[in-house]
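Written below as structure tokens is the structure these notes are about.
The values are calculated or read from the model by the stated rules, or taken from the named source; none is laboratory data. Predicted model, so just to flag it, every value in this text is computed and none were measured. Using ideal geometry, Cβ is built from the backbone for each residue, glycine included, and neighbour counts are taken over all protein chains shown.
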Amino acid sequence: MPFQSHYIPNTQQEQAEMLATLGLSSIDELFLDIPQEHRNPSLDLPPPMSELEIQRELGGLAARNRPLGSGPSFLGAGSYHHFIPAIVKALMTRGEFLTAYTPYQPEASQGTLQVIYEFQTLVSNLYGMEVANAGMYDGATSLAEGALMACRVTRRSQVAVSDTVSPACVEVIRTYCQPQGIAVDLVRHWDPQVTSQTACLVAQYPNFYGSIEDIAGLARLAHGQEALLVLSADPTAMGLLQSPGHYDADIVTGEGQPLGIPPSFGGPYLGLFTCKQQYIRQMPSRLVGRTVDRLGRTGYVLTLQTREQHIRRERATSNICTNEALFALAATIYLAALGKQGLKQVAELCYHKAHYAAARIAELPGYSLPFQRGAFFQEFVAQCPAPPAEINRRLLERNILGGLDLSGPVYRPLLPPAVDKGMLLCVTEMNTRADIDALVAALGELG
Amino acid sequence: MIKGGNRNTAKLLMERSVPDRVGSVLPALDVPEQPLPDRALLRDDLALPEVSEPEVVQYFTGLSQLNYSIDTHFYPLGSCTMKYNPKINDEVAFWPGFAGIHPLQPPELAQGALELLWRLQGFLQEITGMAGVSLATLAGAHGELAGVLMIRACHLARGDTARRKMAIPDSAHGTNPASAAMAGFEVVTLPSDKAGNVDLAALRQLAGPDLAGVMITLPSTLGLFDTHIVEVCRIVHQAGGLVYGDGANMNALLGRVKLGDLGFDVAHLNLHKTFSTPHGGGGPGAGPVCCVESLLPYLAAPVVARGGDGPDYTYRLMTPEASIGKVSAFHGNFGVLVRAYTYIRTLGEAGIRSISANAVLNANYILQALKDTYHLPYDRRCMHEVVFSADWQKARGVSGLEIAKRLLDYGFYAPTMYFPLIVPEALMIEPTESETRETLDAFIQALRDIDREITDNPDLVRQAPHSTPVTRLDEARAARQPNLRWRRERSGSEYP
């Protein structure tokens, strides 16, 4: 008997009856438009598997990965280990949310639309900005689209990127900007060159190395040349630190992963994107607006769609279509559950634990904190007495996942010469005092 | 049904907020408190809701019930391939061994994840007949952007700087021209001929030394397999251009034909369509880019490579030698890729062929049953979707949009409307392979009933929908006075 998949209801008998309504006798006759020499090629895929077998196979693959929760972990650098309340997964995996399409038919999609409106509200509040969109792919693409948007707003085509922005984000900015003839210049964060040709100054808050830069100063510098300040800001830090809106930033983006989204080997994540109200018509991605129905009841719709590709085609503000709505939902549930007090508490836990860890490590012989004079949030650089890769290897023998090795070719040229064995460590609320003390003890022995 | 009290979804989170309610409890600080930075660096204006956990659960559950979804309704949305999303795929993606791993942890601590990605690359190569795959792109349009950037990089590497034009059929999805523009190309429109194929005469005119390539959706958005496709590829190649394949409609072709065999050079797949990963109300998706041998050096970074000897292979991430660069922060939408891997592995060779067989059968079954009631502008065998025009109904005073809205009252989501742009009053219906014949029959009957209502009671259709949580919404007002977030009411105006 031919294979019958449990995902496909039609039986052989039903297929035959349906084909008969078309005057056909075989499935192959449906595909006669395909050139015969290319039709029904060989397909070298494994045979079908039962659910039980696939669980076993995937269980084997999963067992060959080390999850962050399996031991103390101090790796951050753009993806963060935070607590996720159980309700986030329970609610986001409801089929009514999970298996709906983009809400093009508003009457049948009010759930998704109202969630996005809530998301826009909470993300605007988080960053102290006037408007947020419905989300982008991830933090890096969001920042790159922020740079492109600044070029449209200012009608300029040079982008100045601070050297303390995540190198991965800088690469994505280059990938996005260069084909459009936009020059991307890496500038020194302590003396960023902004000219009358610069569309925007791009910076990160806290920066890639964890430090809190003078955002007000950067805004003044950019605005002095009528350029925009485009930031990438960590949403968790917003529980404690002044918002970018407070500093008069123009476009503020961020990686939404810390808001209830698991690290998941790098994706799916969520791009946050906010700006000043005056620029909304240059914004990429979807926007949900509040309106009324024919009976005067409140409802929500996709709006200002003339910016988007399905209307504007090659003149759209971006090609983005499917974004990350399910994770905008996750972030909204997370922010609702944590709330005003909870997010502040998470940010404070990260801050105090990271500072405790930093202070203990600074006391160890051979270790130093090259950037300790400035304020930092939950990440910091430690200069190590031995190559960080070697230290990380030996930490792993104690089942401790160390920080990011900054001595390689990507990071090394961006750091001062004295920081030649740097390690970027991240401490969050997931790290107990016992974890931190174990890290410090191990570093002491290895140093 | 209207819900009472706080389970009513009318009030937004900030309106529900009550000072000192908490929605989650965190551990107490277990290290000595550290000095805070300068007060000027700290905020005191964080405006987030204060609600308890039961309220959050009740509110979001209530919101979910306002949606139509595949799990609750037939969703015949053309071009979107709204098929059943298997639950096992979601479950495994949340396992700690997959969801709990950090993208930058050393490769030796992620060998299982890397092997899964390497195998998925192999599956997608086999399905498309291509030589290599990058899984780094995060959605269909993101895959398009990467693909056309690869075309650009390839021409530039040959020193061919004159190829500024990208030809795109008039039936194409809007992301195609938008992606080409983002990659710096000038977009030129390629007309369709009377049968719905690419107009070869027009293509020959465009195929010159300034043509970088063409972007072709196969089957087209008319739901038709372009019978000229081999000739299209040949003309473009002869002129020195490259052929991009938009894989949005791959559900029709699985195991039936390989894009690489037809002459495509680079293509993306939509894993959230063809490979059943849930659409999530608008993402996350994944748009892997597949290409032929000559384009491998330009693939988006990273790709997964295998080294060493069997059975002790090792897997690592690598950057192709002339890569267009990184297109996202890390290595792609891994959670989506896990789901797609699980799907392909579950169905296997026989199941993958069964998808296209039944998807195309179901679409033709609908075509046949409704072609006397609704105008079929291209009267030929369709592939996975059928495009009707409601111009017969329009002539009787009711538009395609109104018919689509009336379907909501019958308990069906609407077809894609007014697309492709070359069909007036288009209703694009894609049933997918995962629907039962009973559902298809009920849907066919609903469309026949609506046609009868247009004669008997046209206002009933014009005013539809009647049974949804809200009726037709004032979209003009939403665009004219954008209200994009909640604010506390100030002097009678909610928004500045």
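What the table below lists for this structure:
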{"item": "Candidates A:ILE333, A:ILE361, filtered to the one that is closer than 18 Å to B:GLY281 by Cα and in contact (Cβ under 8 Å) with a residue 24 or more places away in the chain", "result": "A:ILE333"}
{"item": "Cβ pairs under 8 Å, 6+ apart, first in the range B:82-94 and more than 8 Å from chain A (Cβ to nearest Cβ), second assigned to a helix (DSSP H, G or I) and among the β-branched types (Val, Ile, Thr)", "result": "B:ASN89/B:VAL338; B:ASN89/B:THR342"}
{"item": "Answer residue from the range B:134-179, given it is in contact (Cβ under 8 Å) with a residue 12 or more places away in the chain, at the interface with chain A (Cβ under 7 Å from one of its Cβ atoms) and not in a helix (DSSP H, G or I) and is farthest from A:ILE173 (Cα to Cα) among those", "result": "B:ALA139"}
{"item": "Residues located in the range B:208-231, provided they are away from every other protein chain (no Cβ under 12 Å), more than 24 Å from the chain's Cα centre (by Cα) and crowded, with 21+ Cβ neighbours inside 10 Å", "result": "B:LEU211"}
{"item": "Extreme residue, surrounded by the most Cβ atoms within 10 Å (Cβ to Cβ), among residues of the range A:188-205 that are out of contact with any helix residue (DSSP H, G or I) (no Cβ under 6 Å at 6 or more places or on another chain) and over 15 Å from A:ALA227 (Cα atoms)", "result": "A:GLN204"}
{"item": "Count - residues of the range A:289-308 that are in a helix (DSSP H, G or I) and surrounded by fewer than 18 Cβ atoms within 10 Å (Cβ to Cβ)", "result": "1"}
{"item": "Any hit, the range B:66-76, residues being of a type outside the set (Asp, Glu) and assigned to a helix (DSSP H, G or I)", "result": "no"}
{"item": "Of all residues making up the range B:253-263, the number that are of a type in the set (A, V, I, L, M, F, W, C) and closer than 23 Å to B:PRO177 by Cα", "result": "2"}
{"item": "Single unsatisfied condition, A:TYR101 versus (1) among the aromatic types (Phe, Trp, Tyr); (2) in contact with a helix residue (DSSP H, G or I) (Cβ under 7 Å, 6 or more places away or on another chain); (3) within 7 Å of chain B (Cβ to nearest Cβ)", "result": "(2)"}
{"item": "Matching residues in the range A:47-98 - criterion: being acidic (Asp, Glu) and either under 20 Å from the mean Cα position of the chain (by Cα) or not assigned by TED's automatic domain parsing to the domain that holds A:ALA168 (or both)", "result": "A:GLU51, A:GLU53, A:GLU57"}
{"item": "Of all residues in the range B:310-332 being crowded, with 22+ Cβ neighbours inside 10 Å and within 20 Å of B:GLN111 (Cβ to Cβ), the one that is farthest from the other protein chains (Cβ to nearest Cβ)", "result": "B:TYR315"}
{"item": "Test result for A:VAL252, among the β-branched types (Val, Ile, Thr), away from chain B (no Cβ under 12 Å) and more than 30 Å from B:LEU63 (Cβ to Cβ)", "result": "no"}
{"item": "Flag if A:GLY444 is in a loop (DSSP other than H, G, I, E, B) and either at pLDDT 95 or above or not assigned by TED's automatic domain parsing to the domain that holds A:CYS169 (or both)", "result": "no"}
{"item": "Failed condition for B:THR432, given (1) part of a helix (DSSP H, G or I); (2) hydroxyl-bearing (Ser, Thr, Tyr); (3) on the phi > 0 side of the Ramachandran plot", "result": "(1)"}
{"item": "Which listed residue, of A:GLY339, A:GLY266, is at positive phi and either in contact (Cβ under 8 Å) with a residue 60 or more places away in the chain or more than 9 Å from chain B (Cβ to nearest Cβ) (or both)", "result": "A:GLY266"}
{"item": "The range A:128-178, subset part of a helix (DSSP H, G or I) and among the basic types (Lys, Arg), residue surrounded by the fewest Cβ atoms within 10 Å (Cβ to Cβ)", "result": "A:ARG152"}
{"item": "Residues being crowded, with 21+ Cβ neighbours inside 10 Å, touching a strand residue (DSSP E or B) at 6+ places or on another chain (Cβ under 7 Å) and assigned to a helix (DSSP H, G or I) - total across the range B:447-479", "result": "1"}
{"item": "Check on B:ARG406, under 25 Å from B:SER434 (Cα atoms), assigned to a loop (DSSP other than H, G, I, E, B) and among the basic types (Lys, Arg)", "result": "no"}
{"item": "Exclusive hit being within 30 Å of B:ARG256 (Cα to Cα) and either surrounded by fewer than 24 Cβ atoms within 10 Å (Cβ to Cβ) or more than 7 Å from chain A (Cβ to nearest Cβ) (or both), set B:LEU114, B:LEU109", "result": "B:LEU114"}
{"item": "Among (1) touching a residue at least 12 places away in the same chain (Cβ under 8 Å); (2) more than 8 Å from chain A (Cβ to nearest Cβ) - the single one B:GLY307 does not satisfy", "result": "(1)"}
{"item": "Odd one out for B:ALA357, checked against (1) at the interface with another protein chain (Cβ under 7 Å from one of its Cβ atoms); (2) not in a helix (DSSP H, G or I)", "result": "(2)"}
{"item": "Condition check for B:PHE98: crowded, with 23+ Cβ neighbours inside 10 Å, under 18 Å from A:TYR80 (Cα atoms) and at the interface with another protein chain (Cβ under 9 Å from one of its Cβ atoms)", "result": "yes"}
{"item": "Residue list for the range A:118-131, restricted to those being closer than 17 Å to A:LEU326 by Cα and either more than 7 Å from every other protein chain (Cβ to nearest Cβ) or without any contact (Cβ under 8 Å) to a residue 24 or more places away in the chain (or both)", "result": "A:PHE119, A:THR121, A:VAL123"}
{"item": "Among the candidates A:GLN180, A:GLN158, residue that is at the interface with another protein chain (Cβ under 10 Å from one of its Cβ atoms) and more than 15 Å from the chain's Cα centre (by Cα)", "result": "A:GLN180"}
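Table: residues versus (1) part of a helix (DSSP H, G or I); (2) out of contact with any Lys or Arg (no Cβ under 9 Å at 6 or more places or on another chain); (3) among the aromatic types (Phe, Trp, Tyr); (4) more than 9 Å from chain A (Cβ to nearest Cβ).
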site: B:GLU349; (1), (2), (3), (4): yes, yes, no, no
site: B:ILE366; (1), (2), (3), (4): yes, yes, no, yes
site: B:THR373; (1), (2), (3), (4): no, no, no, yes
site: B:PHE388; (1), (2), (3), (4): no, no, yes, yes
site: B:LYS394; (1), (2), (3), (4): yes, yes, no, yes
site: B:GLY397; (1), (2), (3), (4): no, no, no, yes
site: B:LEU421; (1), (2), (3), (4): no, yes, no, yes
site: B:ASP441; (1), (2), (3), (4): yes, yes, no, yes
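To keep it simple, each residue is scored yes or no on (1) at pLDDT below 95; (2) over 29 Å from the mean Cα position of the chain (by Cα); (3) in the same structural domain as B:ASP312 (by TED's automatic domain parsing).
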| residue | (1), (2), (3) |
| --- | --- |
| B:ILE2 | yes, yes, no |
| B:MET14 | no, yes, no |
| B:GLY23 | no, yes, no |
| B:PRO32 | no, yes, no |
| B:LEU42 | no, yes, no |
| B:LEU48 | no, yes, no |
| B:GLN58 | no, yes, no |
| B:ASN67 | no, no, no |
| B:PRO96 | no, no, yes |
